[in-house]
Structure formats: structure tokens, C-alpha cells
Amino acid sequence: MKCSEVRTFLSQVYDRVEPITPVPSADLEYWSVNGYVQKTTKEDYEKGASDVARLSQIYTQIAIEKSREQQTQEALQQDVRKEHSFLFHLEGTAAKDELRERIQQETAAVSSEASELNQLEAIVNDLIQKKSMIDRMVAYDGGYLSLTGLGTLVFNDLSVRSYRVADQEFPDFTAEIKATYAELRSIADKTAAYVSWVRPQVPEIEDLENSENGDSGNGAEARSLLLWSTGIGLAKLQGNTTQIGQRFIEALSALRMFDSTLPNRLMAAEIMAALSSQDVQILGATLRNLDEQLRHQGVPKEQSAGVAATIMAGRRFDGTYPIGRFSQFKHLTKSSEAASILAIMNVPIDGLSSKFQQFRSLFTSWGYMTSEDTEISSAFLGIGELNADEVEEKLKYVIEQLQNYLQYPIVAAAILASIPVFEAHEVLDLMEKAVTLLNGYATGLERSELVAIAVRMIHGVRNEIVKEIDPTAKITETPVQFTYGPHPLFFWYYPVIIAHGSYHSTFSGMGGFHPAHSHGVGGFAG
């Protein structure tokens, strides 16, 4: 059964279209057994409808019971006040006993009426759920059908992805979706473990929290965001988690004498942790050398470690680094980070420069002033597979949607729009699923912050462009792979996007920082 056929049938059930186009009984049984569709006999439907019809009667009964309970409660409160009044002590014994007995009766009546009300309200809740189910049912083949919660989710997934899965077999589609969710959950699980492990071993994060608390009161959130962003970057590396974590801490220790900000050092440490075939101390020495060269080229010390690490990730087969390419791109953009992203791509400079400028012009035509945001966004789009005319409408739509969550959305939008295998609706749906998943792990983060790390989680959904850096790298066999391969390279690095409050900014080459993102917070790209 093709996904297009399944979607058509589920759509008719969802919209309660009558008559529903008949389907093979084996297909219907498959959907029922697997929990997508609920079948109900005509007798059960009629009984449920009859029960639901009692709702108005029970509502009336509840109103009567509440009025009765209120009257009894008022009488009880009045008698209790009498019992505690000064005049009560002047009453005779018989009057006192009578009042006390009445209070006992009224107390018992209030308790009984409250119990009856609770029972009636429980019945109403049950009938409301039953009514919701009845309202979703549609007649089919002498009985009734309705979508389950799982069926509704699958129908939504099919609708969003119909442009690419219409001719796919439905079991293959559900296997893909389950694998996608499982991989995202695996990343989230690993991330939570890394966050717990890294926090006590990086005292600088606590210092950053204290500093932020003194300046803006947002330190705890900033610290958590740094930790979760770092954790996601580590979780997406393939290998033994303990060894990766230890290598990361060792790398961060080797970076303590660098002058760059903590977010940039965290980014560099992630890159060093990912380059598992090389010794950390040797990488540290290489990074120091590159850092010095880049500082001589005008890269600010606050961000030089992150830029140098990106250049180090672009090591050529002959053992050299693309410093010369970086210098050429630095003449094109004032953003050191954008220049480093462009520099590590092993493609002709002229073509890449032209593509970068096309995207820069696109942002200008939309009214954006040139900034660190537009430069980095143009760089990410420039190294992607899509040309400006191919991605323009997709990018515009993603920006519009992300404005609901992010104050400065263009970097995040560029990252999502640059994923070539998904249309805008699907990539946003995937991001939303990542946000929902992370919300159960990263408690305390605001929704805009969850969006930021969700973008990092799903970025790199397909790593085919890696062949342009390392032609020996294996191309992934599925469009739903989120973890890094042995040489993830440019997929590591991007500035985490943050909005409405807490963020850490490294130095901006454009003259001042932009609160759209934290350049290199938590490391390289997710």
C-alpha cells in the first residue's frame, strides 16, 4: 500500500467524509492492529451516542447539586458562627445540644453532597471523552471508524511529507519515521548525559553564570543553554561517549590559556574532540599556531580560537590548512566566522564568492542591513547545494515562521533552508518535533532557546556535501541521519541562535554584537 493511498483514506476518516472510498479489508485490519484506526461496531456506537446524550441532563443535575451544596454550606457556616458566638454560652443545655447535632448533620450532608458532585463530574469527564471519540467517528461498511492519537500523528506526518513519500510503501515510511524519532531521542539521551558530566568539570561555566547574574540576571539560563548546546554537539559525534567526553575535557584544558571567550573555547574543544585520530596536545599546538596566524590577519582574540578550530577542521590531504583561502574570503566579508566557513570548502573561490554575494544581495533586497547575521547566513547558504533562486521562497517562509520564536531568525532560517532534501514545511515540522522532545529534557529553557538547540540538533540531516571536503567520506544512505560521520567538518560549526534574553556574544567583526546568536556557543554545528 502506497503512502498516497493511506493518506487519502486517513484524510477521509479525519474529515468524516461520507461515503468513504472502500479499501481492502487486509489494509484496514493492518491500520487497526497497528493502532492508527479504531473500529467500532454500530451497536457500540449507538450505545456511546446514547450515553453522550445524557450530558445535558447530568449538567442540569450538577447545577442542582451545586446549589443544594451551597445552601447546606451556608447553613453550616451560619450555625458554626452561632456556636462560637458569645450568646451561645447564654443558651440552655437543650438549645446547645440541638445546635451541635444540627452542625453534625449539616457537616455530613456537605460531605455527602461533595462526594456526589465528584461522582457526577467524573461521569461528565468520561462522557466528554466519549463524545470526543463519537464526534470523530464516521460510518464505514456497517460500522464506524475514527483516527487514534497515533493515527492523527501519522496522518500529519504523511501530509507534511507527501511531496516526497507519495509513492513510498507505507510500512517503509513508518519505519523511517520511527528511526528518525529514535535517533533524535538517542541524541537527546546522550546530550543529557554529557550535560550532567560536563557541568561540574567546567567551572568557567559557573563563573560565567555569576558574571551574567550580576549584569542581567540571566546567568542560569545562559549556563544551561551553553551546556545543552555543547552536549548536543558531543552527542552527535559517533563513538564511545565516555572517551568523547574525556577527550573534550582534555581539549578544553589545553585551551585554557587562549584569550578567546568561553563559548569559542567550547567550540574549539568540540572540534578537537571530534578529530579523534589526532592527539589532543598536538591539535592544541596546531590550534595555537593557527590562532596566532589568524590574529595577525585581524581576527579578534575573543573569537580567534573558534575561527582557528574551523580552519583546523578543514585540513587538506597534504597536511596544510586553508589560511590562504581564509585571507581571500576576508577581503570579501568582515565576518571572520563567515570567512572561515567559506574557506574550508574545497571548491573554486570565484564560484563560491559569487554565490555568497548573491545571498548577501538577497538579504539586502529584503531590507536587511549588512551584519554578522547576514554574513554568516549567506556563508551557510553559499556552501549549500541550492542556488539563491532555488531557495529564496523556502528561506522567506522559514524566516516568517521562526519570527514567532526568535527575535533575530535569519541565521537559524538559513541553516534550516540550506537542508536540500526537505521542503520548508517538513524541516519546520522536524524542528518542532525536536523542540517537543528537548522540552522533556532541557527543563528551564524558554521556547526560543529550545528552538535554538533544536535547530542545532537537526542540522546536518544529510551530509552529502562532505564529499567536497573529503572525497573518501562515505555518503549516508538515508536522508534522516543526524549524527556526525568520521569527518563531519563544516557541519560542525555554526553559531547557536538565541533570542529574547540570555545569550553570550563573542566579538563581532561588523563592529558590535548582534543578539541574534552567540557565535560559537556550545561549539560547532549540529
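The values are calculated or read from the model by the stated rules, or taken from the named source; none is laboratory data. Just so it is clear, the model here is predicted, and its values are computed rather than measured. Virtual Cβ from ideal backbone geometry, glycine too; neighbours counted across all protein chains shown. Side chains are part of the model used for accessible areas, which takes the heavy atoms of the whole protein and leaves out ligands, DNA and RNA. Shrake-Rupley method; radii C 1.70, N 1.55, O 1.52, S 1.80 Å.
If only residues of segment 330-387 that are of a type in the set (Asp, Glu) and surrounded by 23 or more Cβ atoms within 10 Å (Cβ to Cβ) are counted, the one that is farthest from ALA412 (Cα to Cα) is GLU337. When segment 223-264 is limited to residues that are farther than 18 Å from ALA193 by Cα and of a type in the set (D, E, K, R), the one that is surrounded by the fewest Cβ atoms within 10 Å (Cβ to Cβ) turns out to be ARG256.
The residue that is modelled with the lowest pLDDT, among those in segment 365-396 that are within 12 Å of LYS355 (Cβ to Cβ) and touching a helix residue (DSSP H, G or I) at 6+ places or on another chain (Cβ under 6 Å), is PHE380. Meeting the requirement of 2 or more residues that are among the polar types (S, T, N, Q) and modelled with pLDDT under 90, the helices (runs of 4 or more DSSP H) wholly within segment 123-232 are 170-198, 203-215.
When SER67, SER4, SER56 are screened for being surrounded by 13 or more Cβ atoms within 10 Å (Cβ to Cβ) and either in a helix (DSSP H, G or I) or in contact with a His (Cβ under 9 Å, 6 or more places away or on another chain) (or both), only SER4 passes. Candidates in segment 7-17 are the residues that are touching a residue at least 12 places away in the same chain (Cβ under 8 Å) and open to solvent by 70 Å² or more (accessible area, probe 1.4 Å); of these, the one that is farthest from PHE170 (Cα to Cα) is ARG16.
Could you tell me how many of the residues in segment 116-137 are touching a Leu at 6+ places or on another chain (Cβ under 6 Å) and closer than 23 Å to VAL17 by Cβ? Number of matching residues: 0. When the criteria are applied in full, VAL37 meets the requirement of being among the hydrophobic types (A, V, I, L, M, F, W, C), closer than 30 Å to VAL17 by Cβ and at pLDDT 90 or above. Would you check if there is a residue in segment 285-304 being assigned to a loop (DSSP other than H, G, I, E, B), under 35 Å from the mean Cα position of the chain (by Cα), of a type outside the set (A, V, I, L, M, F, W, C) and surrounded by 20 or more Cβ atoms within 10 Å (Cβ to Cβ)? No, every residue in segment 285-304 fails to be assigned to a loop (DSSP other than H, G, I, E, B), under 35 Å from the mean Cα position of the chain (by Cα), of a type outside the set (A, V, I, L, M, F, W, C) and surrounded by 20 or more Cβ atoms within 10 Å (Cβ to Cβ). When segment 362-396 is filtered for residues that are in contact (Cβ under 8 Å) with a residue 24 or more places away in the chain, of a type in the set (S, T, N, Q) and in a helix (DSSP H, G or I), the ones remaining, listed by number, are THR374, SER377, SER378.
Might you let me know whether segment 18-26 holds any residue that is in contact (Cβ under 8 Å) with a residue 40 or more places away in the chain and touching a Lys or Arg at 6+ places or on another chain (Cβ under 6 Å)? For segment 18-26, residues in contact (Cβ under 8 Å) with a residue 40 or more places away in the chain and touching a Lys or Arg at 6+ places or on another chain (Cβ under 6 Å): absent. Remark: pairs (first residue in segment 126-146, on the phi < 0 side of the Ramachandran plot and of a type in the set (S, T, N, Q); second residue surrounded by 14 or more Cβ atoms within 10 Å (Cβ to Cβ) and outside any strand (DSSP E or B); Cβ separation under 6 Å; 6+ apart in sequence or on different chains) = SER146/ARG136; SER146/MET137.
Condition first: among the polar types (S, T, N, Q) and either more than 29 Å from GLU98 (Cβ to Cβ) or touching a Lys or Arg at 6+ places or on another chain (Cβ under 7 Å) (or both). Now tell me which residues in segment 55-81 satisfy that. Matches in segment 55-81: SER56, GLN57, THR60, GLN61.
When the residues of segment 319-359 are filtered to those that are more than 34 Å from the chain's Cα centre (by Cα) and among the polar types (S, T, N, Q), the one that is nearest to ARG295 (Cα to Cα) is SER327. When segment 78-100 is examined, which residues are found to be under 29 Å from ALA114 (Cβ atoms) and open to solvent by 90 Å² or more (accessible area, probe 1.4 Å)? Result: GLN78, ARG81, LYS82, HIS84, GLU98, ARG100. Scanning segment 305-329 for residues that are of a type in the set (Gly, Ala, Ser) and either open to solvent by 60 Å² or more (accessible area, probe 1.4 Å) or touching a Phe, Trp or Tyr at 6+ places or on another chain (Cβ under 7 Å) (or both) turns up ALA305, ALA313, GLY314.
When VAL37 is tested against the conditions (1) among the β-branched types (Val, Ile, Thr); (2) open to solvent by less than 40 Å² (accessible area, probe 1.4 Å); (3) out of contact with any helix residue (DSSP H, G or I) (no Cβ under 6 Å at 6 or more places or on another chain), the lone failure is (3).
To keep it simple, each residue is scored yes or no on (1) of a type outside the set (Gly, Ala, Ser); (2) over 22 Å from VAL307 (Cβ atoms).
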residue: LEU226; (1), (2): yes, no
residue: THR230; (1), (2): yes, no
residue: THR242; (1), (2): yes, yes
residue: ARG247; (1), (2): yes, no
residue: PHE258; (1), (2): yes, no
residue: PRO263; (1), (2): yes, no
residue: LEU266; (1), (2): yes, no
residue: ALA273; (1), (2): no, no
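With the condition kept exactly as written, say whether any residue in segment 397-407 is open to solvent by 60 Å² or more (accessible area, probe 1.4 Å) and at pLDDT below 85. Within segment 397-407, one or more residues are open to solvent by 60 Å² or more (accessible area, probe 1.4 Å) and at pLDDT below 85.
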